[in-house]
Amino acid sequence: MNGVRPRFEANCRGSPVFAPAVASRQAASAPAVACPIEIPVSETWTQALVSTARSFVKSFWYVFRIAFPLMILAAILGALVIELLPPQALIAQATVGGIILVALVGALLPVPMAFDVAIAYIARTKGVPLPYVVTVLCALGIISVFSLSVVGKTISWKVAAAAYATVAALGTLAGLLTRTLG
């Protein structure tokens, strides 16, 4: 080639050279998807911050209004279970039914991130059988009733049910494998 690049290679080397050339030859077309966010060109930083704060407060109030009563209900039910469950039930032999129950309940409980690790550690130090602890670790922190309700309302209740069933099955499988192998 005697040190001379072909024209095609020079144009294809980088998109800054190639893209404008192609774009200038194409007819203007409407976007495939309309952007749902409208940003006024004349909006100032103050207006943008106020708009963002209003949007945040509105979204926070929606989540709080839905989640807070469920959090209170979860606290009451948790306290009720702790009071009604005899202490020797926690250190009894792990059963298949118990593993399934722990997985089904654990997948619904709303707990903060990494709280499942703390619960599992405390349960293990108190003598809870390892299959229950593994089930809690695999089912507790992945989803909760909150995320399932959001998925159910926004996407589909079938998708939410499938996600719940998947997490409960994962926890059950982990607990049963631990019971069998451990």
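In nm, what is the difference between 0.36 nm times the number of residues separating residue 54 and residue 155 and their Cα-Cα distance?
33.8 nm
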Between Rg and the Kirkwood Rh of the stretch 20-155, both from Cα atoms, what is the Rg to Rh ratio?
1.25
Residues listed by number, the stretch 145-182, amide nitrogen under 19 Å from residue 62 label point at 7 Å toward C-beta:
145-157, 160
Residue 177-residue 71 pseudo-label distance in nm [points 7 Å out on the Cα-to-Cβ vector]:
3.4
Between residue 166 and residue 125, Cβ-based FRET efficiency (R0 30 Å, step 0.05) works out to 0.50
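Taken together, the values in this text are just the output of simple stated rules run on the coordinates, not laboratory data. Keep in mind that what you see is a predicted model, and the values were worked out from it rather than measured. Neighbour counts are summed over all protein chains in view; Cβ atoms, including those assigned to glycine, are modelled from backbone coordinates with ideal geometry.
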